[in-house]
Amino acid sequence: MVKGGGVFADGAAVTQQKLEPPAISPEAGLARRLVADGLCDARAVERGRLMAAETGQRLEAVLIQLGLVTEQGLAGAYAGLLGLPVVAPARYPDSAVLAERLPARFLRAARALPIAADAESVVLAMADPLDRFTLRAVASAAGRPVVVEVAVPIELEAALERLYPEAGAADVAADQAAPVEQDAERLKDLASEAPVIRLVNQIIARAVETRASDIHVEPFEDRLRVRYRYDGALHEAEAPPAGLAAAIVSRIKIMARLDIAERRLPQDGRIKLAVRGQDIDFRVSTLPALHGETVVLRVLDRSAVAFDYARLGLAPEVVARFAAALELPNGIVLVTGPTGSGKTTTLYTGLLALNAVSRKIITAEDPIEFQLPGINQTQVKPQIGLSFAALLRSMLRQDPDVIMVGEIRDLETAQIAVQAALTGHLVLSTVHTNSAAATITRLRDMGLEDYLLTAVLRGVLAQRLIRRLCTECRRPEPAPPALVARFGLAARSGGTAATLWHPVGCAHCRNTGYRGRQAIAEFLQPDAALNALVFAHADHGRIEQAAVAGGMVTMFDAGIVAALRGETSIEEVVRSLRTEA
């Protein structure tokens with residue numbers, strides 16, 4: 001018999017391990033467990049109970065729909081309550097188990113899947129381990145006892161979709177493979193098929209549940225690749241049938257209100273969905289490629305974004321300098337870094353700190369990623385002539401105190417921003433450069449005069465996002481002498497032996513060794529010495545040296561400090577800053 005801490009069943013009756021009979025109902029026990037484990041509070045449970053009573057649904061279903069508890073959290077609560085293990089994703093089989101006895105339609109309806117079987121028992125993954133009917137039905141059909149393990153619903157659905165592809169999906173794939181020109185109506189019909197809708201919903205739900213930041217759908221000649229970005233790195237997921245590529249892309253375009261007949265030009269759109277009880281926005285971008293259209297969905301989950309300096313990982317001294325610059329009555333404060341370095345999140349955090357009844361704040365963004373309460377946000381629309389520069393001119397007539405410009409990318413926008421700063425406004429914006437010092441030379445290269453630059457620039461924050469080491473599996477090792485000498489680790493560690501931490505990989509971090517990201521940053525604050533270098537047309541290297549002499553801690557030094565603390569690895573610091581080790 002398969003061993004485990006599960007529930008065993010036969011065709012006639014269900015028997016549990018020798019436990020004391022519960023003094024309370026399973027639902028009440030589950031609610032207590034959720035509160036005890038910190039997965040939701042008592043008020044949320046009471047709210048769920050009231051709605052469950054009104055709708056006739058079970059409490060846990062309502063909690064999931066309202067987004068008060070995650071599927072992973074609910075599975076853990078079930079496991080703790082019943083003393084059962086949670087099914088690891090690797091436990092799902094490569095081929096269907098007992099397919100001749102358990103039809104796919106029944107397993108989908110029951111949200112259950114046999115994952116192992118021998119002559120004595122069957123191991124059954126269940127999204128709802130309290131479902132006694134399914135236990136009895138599976139035990140009766142299999143003719144042997146059942147051992148239960150708790151399944152995370154999204155992982156169970158993915159396994160069911162892989163092991164039992166619906167006939168409808170195969171029909172759609174075959175139809176897609178026909179060598180005929182697809183018209184808009186036919187694509188719309190294919191994208192409206194239930195299997196395609198279910199597949200797209202599953203792809204999106206998996207991204208939200210696993211905290212992915214982006215979904216990449218990429219058609220190739222012989223396959224359709226789906227990848228998720230976690231902590232800045234892409235990971236490939238199980239591929240849908242290649243013949244469904246056009247239908248999947250069309251479905252996403254319909255959801256984003258894009259033109260499905262236009263496949264020659266890039267398009268941008270937005271989707272707003274309630275996924276597993278959470279309201280999530282998705283920014284959608286399509287791009288024509290050799291074998292079809294590639295689609296990228298940026299997941300904009302406000303609940304997963306922290307507009308808090310400490311949670312962003314910024315050093316306290318950097319935060320203090322940045323916050324002081326934002327409190328100035330006028331001038332320009334810039335945040336710089338490559339795409340995906342967290343610039344917008346840092347600016348939003350600063351704006352929310354400034355947000356008050358006594359201040360009028362207006363933003364010009366492309367696109368508006370998150371809606372900020374109390375702040376007037378405006379979307380740039382270049383296709384109708386509403387560029388950053390045009391919008392900035394109009395914003396000045398709205399009598400603002402603080403202006404945020406999504407990006408300074410040309411001389412016209414830079415000049416209007418400078419004029420706004422000179423006339424008493426505080427202007428926040430971003431620039432794409434590799435360091436704080438390089439921002440000054442970049443603005444000069446745009447054509448901005450030195451005297452204007454020194455008159456309005458109040459500070460430049462340059463940042464990167466580095467992956468945090470997984471605290472469950474990271475491994476410490478003494479730093480090699482070569483690295484100690486190269487990076488001066490002995491002096492940085494206070495004269496003691498320097499210890500560096502390294503990634504290992506475990507189930508908590510998807511075997512990557514990293515879990516989550518944090519910002520490392522440097523803040524350049526202009527002073528008399530630095531302004532003299534600007535007038536002398538010094539390059540960014542000399543400007544950076546002067547800034548360091550004035551007290552700036554470089555991003556690389558901040559990264560080394562984070563590595564010595566065990567927050568990240570030295571390899572990750574070097575990779576993120578593109579510095580040779």
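The values are calculated or read from the model by the stated rules, or taken from the named source; none is laboratory data. Every value quoted in this text rests on a predicted model; they were computed, and no experiment measured them. Note that each Cβ is placed from the backbone with ideal geometry, even for glycine, and that neighbours are counted across all protein chains shown. In case anyone asks, the SASA skips ligands and DNA or RNA and just uses the protein heavy atoms, side chains included. Shrake-Rupley method; radii C 1.70, N 1.55, O 1.52, S 1.80 Å.
Return the residues of the stretch 351-363 that are open to solvent by 20 Å² or more (accessible area, probe 1.4 Å) and either hydroxyl-bearing (Ser, Thr, Tyr) or assigned to a helix (DSSP H, G or I) (or both); say none if nothing qualifies. If you could, list the steps in order and put the result at the bottom.
So in the stretch 351-363, the residues open to solvent by 20 Å² or more (accessible area, probe 1.4 Å) come out as 352-353, 355-360.
Within the stretch 351-363, Leu352, Ala353, Ser358 qualify.
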Suppose we filter the stretch 522-544 for residues that are in contact (Cβ under 8 Å) with a residue 24 or more places away in the chain, of a type outside the set (Asp, Glu) and open to solvent by 60 Å² or more (accessible area, probe 1.4 Å); how many remain?
4
Test each condition in (1) in a strand (DSSP E or B); (2) surrounded by 19 or more Cβ atoms within 10 Å (Cβ to Cβ) for Asp268 and report the one that comes out false.
(2)
From the options Arg276, Arg270, residue that is modelled with pLDDT of 85 or more, within 20 Å of the chain's Cα centre (by Cα), closer than 30 Å to Val62 by Cβ and not aromatic (Phe, Trp, Tyr)
Arg270
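What about Ala353, is it out of contact with any Ser or Thr (no Cβ under 6 Å at 6 or more places or on another chain) and over 25 Å from Gln278 (Cβ atoms)? Steps first, answer last, please.
Numbers: out of contact with any Ser or Thr (no Cβ under 6 Å at 6 or more places or on another chain): yes; over 25 Å from Gln278 (Cβ atoms): yes.
Spelling it out, Ala353 is indeed out of contact with any Ser or Thr (no Cβ under 6 Å at 6 or more places or on another chain) and over 25 Å from Gln278 (Cβ atoms).
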Among (1) assigned to a helix (DSSP H, G or I); (2) surrounded by fewer than 17 Cβ atoms within 10 Å (Cβ to Cβ); (3) at pLDDT 80 or above; (4) not aromatic (Phe, Trp, Tyr), there is one condition Leu244 misses while meeting the rest; what is its number?
(2)
Would you confirm, using the coordinates I've provided, whether Pro114 is in a loop (DSSP other than H, G, I, E, B) and within 33 Å of the chain's Cα centre (by Cα)?
no
Any hit, the stretch 113-134, residues being hydroxyl-bearing (Ser, Thr, Tyr), at pLDDT below 85 and surrounded by 15 or more Cβ atoms within 10 Å (Cβ to Cβ):
no
Pairing a residue in the stretch 207-236 that is in a loop (DSSP other than H, G, I, E, B) and surrounded by 15 or more Cβ atoms within 10 Å (Cβ to Cβ) with any residue that is at pLDDT 90 or above and polar (S, T, N, Q), where Cβ atoms lie under 9 Å and the two sit 6 or more apart in sequence or on different chains, gives Asp231/Ser213; Gly232/Ser213
Which pairs turn up if I take residues in the stretch 412-433 that are without any contact (Cβ under 8 Å) to a residue 40 or more places away in the chain and farther than 20 Å from Pro367 by Cβ and look for partners that are surrounded by fewer than 18 Cβ atoms within 10 Å (Cβ to Cβ) and among the small types (Gly, Ala, Ser) with beta carbon separation below 9 Å, at least 6 apart in sequence or on another chain?
Ala414/Gly447; Gln415/Gly447
Where the second residue is charged (D, E, K, R) and the first is under 18 Å from Gly350 (Cα atoms) and lies in the stretch 367-390, which pairs have Cβ atoms under 6 Å and are six or more apart or on separate chains?
Phe370/Arg302
What is the one condition in (1) surrounded by fewer than 17 Cβ atoms within 10 Å (Cβ to Cβ); (2) within 22 Å of the chain's Cα centre (by Cα) that Gly488 does not satisfy?
(2)
Among (1) among the hydroxyl-bearing types (Ser, Thr, Tyr); (2) assigned to a helix (DSSP H, G or I); (3) free of Cβ contacts under 8 Å to residues at least 12 places away in the same chain, Thr496 falls short only on (2)
Which one of these does Val548 not meet: (1) part of a loop (DSSP other than H, G, I, E, B); (2) under 16 Å from Glu317 (Cα atoms)?
(1)
Name the pairs: first residue in the stretch 564-581 and of a type in the set (A, V, I, L, M) and in a helix (DSSP H, G or I), second residue open to solvent by 10 Å² or more (accessible area, probe 1.4 Å) and modelled with pLDDT of 90 or more, Cβ to Cβ under 6 Å, at least 6 apart or on different chains?
Leu577/Phe556
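For the condition of a type in the set (Gly, Ala, Ser), surrounded by 18 or more Cβ atoms within 10 Å (Cβ to Cβ) and farther than 30 Å from Ala562 by Cβ, what is the one hit in Ala421, Ala455, Ala438, Ala462? Quick ask: steps written out before the conclusion?
Details: Ala455 fails: surrounded by 18 or more Cβ atoms within 10 Å (Cβ to Cβ); Ala438 fails: farther than 30 Å from Ala562 by Cβ; Ala462 fails: farther than 30 Å from Ala562 by Cβ.
Only one candidate qualifies: Ala421.
Quick one: count up the residues across the stretch 180-196 that are of a type in the set (A, V, I, L, M, F, W, C) and either at pLDDT 90 or above or crowded, with 16+ Cβ neighbours inside 10 Å (or both). Step through it out loud before you land on a result.
Taking the stretch 180-196 as the starting set, the residues that turn out to be of a type in the set (A, V, I, L, M, F, W, C) are 180, 184, 187, 190-191, 194, 196.
Cutting the leftovers down to either at pLDDT 90 or above or crowded, with 16+ Cβ neighbours inside 10 Å (or both) gives us 187, 190-191, 196.
Qualifying residue count for the region: 4.
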When the residues of the stretch 308-350 are filtered to those that are under 22 Å from Arg515 (Cα atoms) and of a type in the set (Lys, Arg), which remaining residue is least open to solvent (accessible area, probe 1.4 Å)?
Lys343
Would you be able to tell me the number of residues in the stretch 50-108 that are free of Cβ contacts under 8 Å to residues at least 60 places away in the same chain, in a helix (DSSP H, G or I) and among the polar types (S, T, N, Q)?
1
Residues of the stretch 252-265 satisfying the condition of being under 19 Å from Val226 (Cβ atoms) and open to solvent by 50 Å² or more (accessible area, probe 1.4 Å)
Ile254
